[in-house]
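The values are calculated or read from the model by the stated rules, or taken from the named source; none is laboratory data. Given the structure is predicted, the values throughout are model-derived calculations rather than measurements. Using ideal geometry, Cβ is built from the backbone for each residue, glycine included, and neighbour counts are taken over all protein chains shown.
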Amino acid sequence: MSDSDTSIQETETKPVVENQQELPKFEKDQSDKITAKFGSKTEIAFVKPDRIRVNVKKEDILDVASFIRDELNYDHAESVTGVDFPADKEIEVVYHLGSYTDPQLSRQVLSLATRAPREDNPNPSNDSTKLPSLRDIFYSVEFHERECFEMLGVFFEGHPDNRRLLLPEDWADLPPLRKDFAIKGR
């Protein structure tokens, strides 16, 4: 065998790994703790520098959020947002969690996401578009959840004040952040 045949043979037997980056250690450790505690009840959607996203069913969100607060030291919600998925008949609510008290978490944002069924003709508090409120776990969600309530029609069970925040109390149209909302006159 010639030298060129040997080098070709060696190249062929070595596994080829392209563009595989090693996950950031701190964030990977955080996500591993969540997976170790909850197993298949959670899905780690991504782990990036300073960012982790955890998807969870609505039935498990209170337990996972409490663990994130108590064991991982995330102490507040920086923001809460929602996304309408009409084709899937779901609305996703995403909590962006951070920490003021733990210096290791000063740059970290943990996104905790869950989904609720989406009604075509929403009737907030009287339909299935409901999620448990995280207000007792993260006090800072109080106004954010109210905004998701009125803008997407997600009712937060256990929230102490599910009133409108931005729209008039007598609003009778679809929630304005739903994809099928149409601005009148356009």
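What to note about this one:
- Hey, A77 of a type in the set (A, V, I, L, M, F, W, C) and either part of a helix (DSSP H, G or I) or without any contact (Cβ under 8 Å) to a residue 12 or more places away in the chain (or both) or not: no
- Given (1) at pLDDT below 95; (2) part of a helix (DSSP H, G or I); (3) within 23 Å of L105 (Cβ to Cβ), index of the condition I8 fails: (3)
- Any hit, the range 153-167, residues being at pLDDT below 95, part of a helix (DSSP H, G or I), in contact with a Lys or Arg (Cβ under 9 Å, 6 or more places away or on another chain) and not aliphatic (A, V, I, L, M): no
- The set of residues from the range 26-49 being part of a helix (DSSP H, G or I), more than 17 Å from S66 (Cα to Cα), hydrophobic (A, V, I, L, M, F, W, C) and free of Cβ contacts under 8 Å to residues at least 12 places away in the same chain is empty.
- In the range 61-91, the qualifying residues are those that are among the polar types (S, T, N, Q) and surrounded by fewer than 17 Cβ atoms within 10 Å (Cβ to Cβ), and the one that is farthest from R107 (Cα to Cα) is S66.
- Any hit, the range 142-154, residues being among the small types (G, A, S) and under 22 Å from F26 (Cα atoms): no
- Selection over the range 95-108 of residues that are touching a residue at least 40 places away in the same chain (Cβ under 8 Å) and surrounded by fewer than 17 Cβ atoms within 10 Å (Cβ to Cβ) gives a count of 2.
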